[in-house]
There are 2 protein chains.
Amino acid sequence: MERGGSGVPGGRRKQRVSMADVAKLAGVSSQTVSRVSNGHPGVISSTREQVLAAMRELGYRPNSAARALRYGQFNTIGVILFSLSSTGNSRTVEAIATHAAAEGYAITLIPIDVPTQDNVLGAFTRMGELAVDAVIVIMEIHLLDTGTVQLPPGVHVVVVDSDAGDRHSVVDTDQADGARQAVQHLLDLGHRTVWHVTGPQASFAGQRRAQAWRAVLREAGRPVPPALYGDWSAESGYAAGLVLAEPPDCTAVFAANDQMALGLLRAFHERGLSVPYDVSVVGFDDIPDAAYFVPPLTTVHQDFAEVGHRCVQKVLQQIRAGEGGRPGTDLVPTRLVVRGSTAAPRG
Amino acid sequence: MERGGSGVPGGRRKQRVSMADVAKLAGVSSQTVSRVSNGHPGVISSTREQVLAAMRELGYRPNSAARALRYGQFNTIGVILFSLSSTGNSRTVEAIATHAAAEGYAITLIPIDVPTQDNVLGAFTRMGELAVDAVIVIMEIHLLDTGTVQLPPGVHVVVVDSDAGDRHSVVDTDQADGARQAVQHLLDLGHRTVWHVTGPQASFAGQRRAQAWRAVLREAGRPVPPALYGDWSAESGYAAGLVLAEPPDCTAVFAANDQMALGLLRAFHERGLSVPYDVSVVGFDDIPDAAYFVPPLTTVHQDFAEVGHRCVQKVLQQIRAGEGGRPGTDLVPTRLVVRGSTAAPRG
DNA sequence: CGCCGTCATGTTTACGTAAACATGCTGTCA
DNA sequence: TGACAGCATGTTTACGTAAACATGACGGCG
């Protein structure tokens with residue numbers, strides 16, 4: 001009854017239980033409460049018990065704003081991203097959150113719903129005011145370069161999915177190597193060449209996969225068919241599939257992600273083309289469902305958990321060293337997972 | 001050169017730029033800086049310009065810990081969840097983050113990697129110390145009831161995916177109605193009865209879908225086949241599909257989510273059963289890929305964005321009213337999306 | 001012409017915590 | 001036995017911000 005602060009209309013926001021309250025009840029100074037609260041030595045056990053009892057009775061919980069103010073840090077890492085919808089992003093964020101929690105850090109999410117210059121700029125501006133010790137940016141970094149948008153100076157930062165390794169500390173999966181493995185696998189099976197359904201043109205991940213695809217074909221002296229442009233969605237993969245199902249005969253396709261590969265599978269199925277006997281399909285990501293597509297999808301596995309883990313490691317390193325991140329790119333290996341959607345061409 | 005604080009080894013963490021620094025440079029008091037910073041009236045424009053210039057020169061950014069301490073709130077909402085891997089959770093979190101950002105609130109993620117009592121307890125304990133004004137819990141709430149685990153008193157909270165509506169403020173999709181629509185659709189097509197692949201037994205969402213399935217069959221006077229137990233994964237759906245492909249003849253299956261439905265599709269395909277002509281399949285969730293399964297999946301659409309939106313609304317309402325949430329359940333409608341995986345039974 | 005209201009700006013204080021320093025008591029050793 | 005080390009605990013202070021209150025100058029009106 002006495003803690004009716006919340007209901008007072010028009011009144012100031014009533015304080016929650018503070019150290020002083022606990023101290024008064026326990027009959028000690030607030031500094032002793034602080035010592036008990038932080039497990040410092042030098043408090044005799046009888047006193048400690050009194051304090052703990054008082055804490056329990058009042059339901060004391062430390063005020064982290066005051067702590068943060070005192071210590072000059074928040075034990076929080078900010079994560080800026082466009083979307084949680086993609087498998088990759090949500091898995092990466094999950095890994096970041098888990099590893100950060102293990103180190104005593106919380107995660108603050110700063111979503112950017114529409115990737116306009118203004119919104120990105122706004123996010124970074126807010127970022128500076130936000131209660132975070134460091135930032136992990138999961139996005140196409142080139143958006144940062146095209147305008148006045150830039151990371152606030154003096155903020156520890158790690159970037160995912162970008163080629164900004166010359167200016168920032170970057171963690172990414174080895175997209176190029178994964179794409180190479182995918183295309184090489186198809187060539188090794190005996191396909192004359194390999195078609196490609198790309199990701200969005202603004203995406204660096206998509207760009208790198210397409211570059212590697214082109215490079216492998218060139219190195220092998222194979223003809224390079226025109227790329228089909230997708231946007232990561234199954235729908236765009238389906239549309240590409242309808243095109244590829246027509247002559248000139250395509251026997252192998254490398255899709256820049258698994259969802260577009262799914263769209264391809266449906267389009268080929270509708271057109272009466274058998275995968276893998278008429279056309280081989282390789283995806284990218286290895287989403288959990290890929291093994292249960294019809295047929296099970298050969299794809300490039302990305303270890304998002306590891307990406308998240310390394311992001312946290314790097315960012316904590318920066319915080320602890322008190323220095324900005326060394327520019328450079330940290331690549332997590334990718335590997336091809338061969339399933340039922342690829343085979344030697346007919347004939 | 002003079003701001004070399006970060007590099008001093010062993011030294012105290014150097015302060016960043018504070019209001020006092022800006023005030024000194026601008027030749028005003030820190031209170032005037034505060035007024036400019038917060039856009040208060042009563043600062044003559046020439047003074048304001050001076051202050052703004054000083055802010056720019058020093059790269060001043062407000063310290064949110066001090067702000068939070070002053071105001072007694074953090075403008076942050078905590079989100080406790082088990083996993084971001086499921087479509088539903090990641091979409092809900094994304095919507096929460098977006099709507100919260102629009103209201104000036106940030107989102108702090110508190111993941112629980114393994115749902116043991118200890119970990120849940122730990123999360124809630126940390127919660128109390130965390131810099132949040134309210135909490136949204138996305139998880140199977142019954143884990144909270146089985147032991148000593150409970151939400152810290154005095155914390156504003158909204159729960160998702162739970163039947164705790166008698167004690168907490170709950171937002172959820174209308175699982176029961178969605179399941180009813182799915183089963184009724186299959187009966188309307190002329191199927192004699194409908195089989196069901198469940199979610200994990202610990203899941204309330206799964207339980208409610210199964211209950212509704214049973215209820216519709218009973219009301220229609222149809223035989224209720226034994227449930228097949230799944231765990232949301234495509235793999236478990238595949239295993240169930242292999243069982244269902246054997247006699248006694250099953251002509252219609254309702255899977256408790258789309259991934260398990262995907263597993264069913266593959267199992268039936270492998271066994272030479274045609275979907276929908278031999279067997280009809282309905283899923284639940286309406287993940288973006290579902291429209292591109294082979295065949296396109298009939299499924300129950302859940303509006304996760306709306307769930308996230310309402311969570312934020314409710315939680316802000318609690319914060320602003322300064323009161324605990326009214327217990328009660330807020331249901332977001334679900335709707336059946338009919339695609340190609342359902343048809344009338346043969347014969 | 002003088003009083004007072006208005007307005008821009010400065011000063012004081014409190015938010016909750018914890019480091020640094022101060023106090024006072026106990027026991028030990030020269 | 002007296003000075004001092006060691007230890008439990010208390011007091012002071014600072015972290016950065018902003019509300020509340022104080023100050024002082026200027027102008028309008030009786």
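Selection over the stretch B:234-283 of residues that are open to solvent by 20 Å² or more (accessible area, probe 1.4 Å) and part of a loop (DSSP other than H, G, I, E, B) gives a count of 13. Filtered by the rule that a residue be without any contact (Cβ under 8 Å) to a residue 12 or more places away in the chain and within 14 Å of chain B (Cβ to nearest Cβ), the stretch A:32-54 gives A:38, A:39. Can you pull out every residue in the stretch B:296-347 that is of a type outside the set (Gly, Ala, Ser), open to solvent by less than 10 Å² (accessible area, probe 1.4 Å), under 20 Å from residue B:175 (Cα atoms) and not in a loop (DSSP other than H, G, I, E, B)? B:298, B:299, B:300, B:307, B:311, B:332 - these are the residues of the stretch B:296-347 that are of a type outside the set (Gly, Ala, Ser), open to solvent by less than 10 Å² (accessible area, probe 1.4 Å), under 20 Å from residue B:175 (Cα atoms) and not in a loop (DSSP other than H, G, I, E, B). Go through the stretch B:20-35 residue by residue and tally those that are more than 9 Å from DNA strand D (Cβ to nearest atom) and surrounded by fewer than 12 Cβ atoms within 10 Å (Cβ to Cβ). Result for the stretch B:20-35: 1. Among the residues of the stretch B:20-45, those that are within 11 Å of DNA strand C (Cβ to nearest atom) and among the hydroxyl-bearing types (Ser, Thr, Tyr) comprise B:29, B:30, B:32, B:34, B:45. Consider residue B:57 carefully, then state whether it is touching a residue at least 60 places away in the same chain (Cβ under 8 Å), open to solvent by 10 Å² or more (accessible area, probe 1.4 Å) and within 14 Å of another protein chain (Cβ to nearest Cβ). In short, no. Filter the stretch A:164-198 down to the residues that are in contact (Cβ under 8 Å) with a residue 60 or more places away in the chain and either at positive phi or in contact with a Phe, Trp or Tyr (Cβ under 6 Å, 6 or more places away or on another chain) (or both) and list them by number. Once the filter is applied, which keeps residues that are in contact (Cβ under 8 Å) with a residue 60 or more places away in the chain and either at positive phi or in contact with a Phe, Trp or Tyr (Cβ under 6 Å, 6 or more places away or on another chain) (or both), the stretch A:164-198 yields A:179, A:182, A:183, A:190, A:194, A:196. Restricting the first member to the stretch B:219-231 and to residues that are touching a residue at least 12 places away in the same chain (Cβ under 8 Å), and the second to residues that are assigned to a loop (DSSP other than H, G, I, E, B) and β-branched (Val, Ile, Thr), the beta-carbon pairs closer than 8 Å and six or more apart or on different chains are B:222/B:193; B:222/B:194; B:223/B:193; B:224/B:193; B:225/B:193; B:225/B:194. Counted as qualifying within the stretch B:36-106 are the helices (runs of 4 or more DSSP H) with 1 or more residues that are outside the structural domain of residue B:23 (by TED's automatic domain parsing) and within 16 Å of DNA strand D (Cβ to nearest atom), namely B:64-71. I'd like to check something: does the stretch B:202-224 contain any residue that is within 14 Å of another protein chain (Cβ to nearest Cβ), under 17 Å from residue B:259 (Cα atoms) and not in a helix (DSSP H, G or I)? No. For residue B:250, the conditions (1) at pLDDT below 95; (2) within 13 Å of chain A (Cβ to nearest Cβ) are fulfilled apart from (2). Among the residues of the stretch B:284-295, those that are assigned to a helix (DSSP H, G or I) and either out of contact with any strand residue (DSSP E or B) (no Cβ under 9 Å at 6 or more places or on another chain) or among the hydroxyl-bearing types (Ser, Thr, Tyr) (or both) comprise B:288, B:289, B:292.
Write out, first by first residue and then by second, each pair whose Cβ atoms fall under 6 Å of each other, whose residues are 6+ apart or on separate chains, and whose first residue, in the stretch A:65-83, is within 16 Å of DNA strand C (Cβ to nearest atom) while the second is acidic (Asp, Glu). Every condition considered, the pairs that remain are A:73/A:133; A:74/A:133.
So in the stretch A:62-102, with the set limited to residues that are over 30 Å from residue A:286 (Cβ atoms) and open to solvent by 50 Å² or more (accessible area, probe 1.4 Å), which one is nearest to the other protein chains (Cβ to nearest Cβ)? Only one residue tops the list, namely A:69. Of the residues making up the stretch B:154-201, those that are assigned to a strand (DSSP E or B) and at pLDDT 90 or above are B:171, B:172, B:173, B:195, B:196, B:197, B:198.
Only a single item in (1) closer than 25 Å to residue A:99 by Cβ; (2) within 19 Å of the chain's Cα centre (by Cα) is not met by residue B:65, and it is number (2). Taking the stretch A:6-19 as the range and being open to solvent by less than 60 Å² (accessible area, probe 1.4 Å) and either within 10 Å of DNA strand C (Cβ to nearest atom) or modelled with pLDDT of 90 or more (or both) as the test, the residues that pass are A:17, A:18, A:19. Candidates B:347, B:308, B:324: the one that is under 21 Å from residue B:161 (Cα atoms) and either facing chain A (nearest Cβ under 10 Å) or free of Cβ contacts under 8 Å to residues at least 40 places away in the same chain (or both) is B:324.
The selection criterion, being at pLDDT 95 or above, in the same structural domain as residue B:198 (by TED's automatic domain parsing), among the small types (Gly, Ala, Ser) and under 14 Å from residue B:186 (Cβ atoms), holds for residue B:280.
The values are calculated or read from the model by the stated rules, or taken from the named source; none is laboratory data. Note that the structure is predicted; figures quoted are calculated from it, not measured. Here Cβ is always computed from backbone atoms with ideal geometry, including for glycine, and neighbour counts include all displayed protein chains. Side chains included, ligands, DNA and RNA excluded: accessible areas come from the protein's heavy atoms. Shrake-Rupley method; radii C 1.70, N 1.55, O 1.52, S 1.80 Å.
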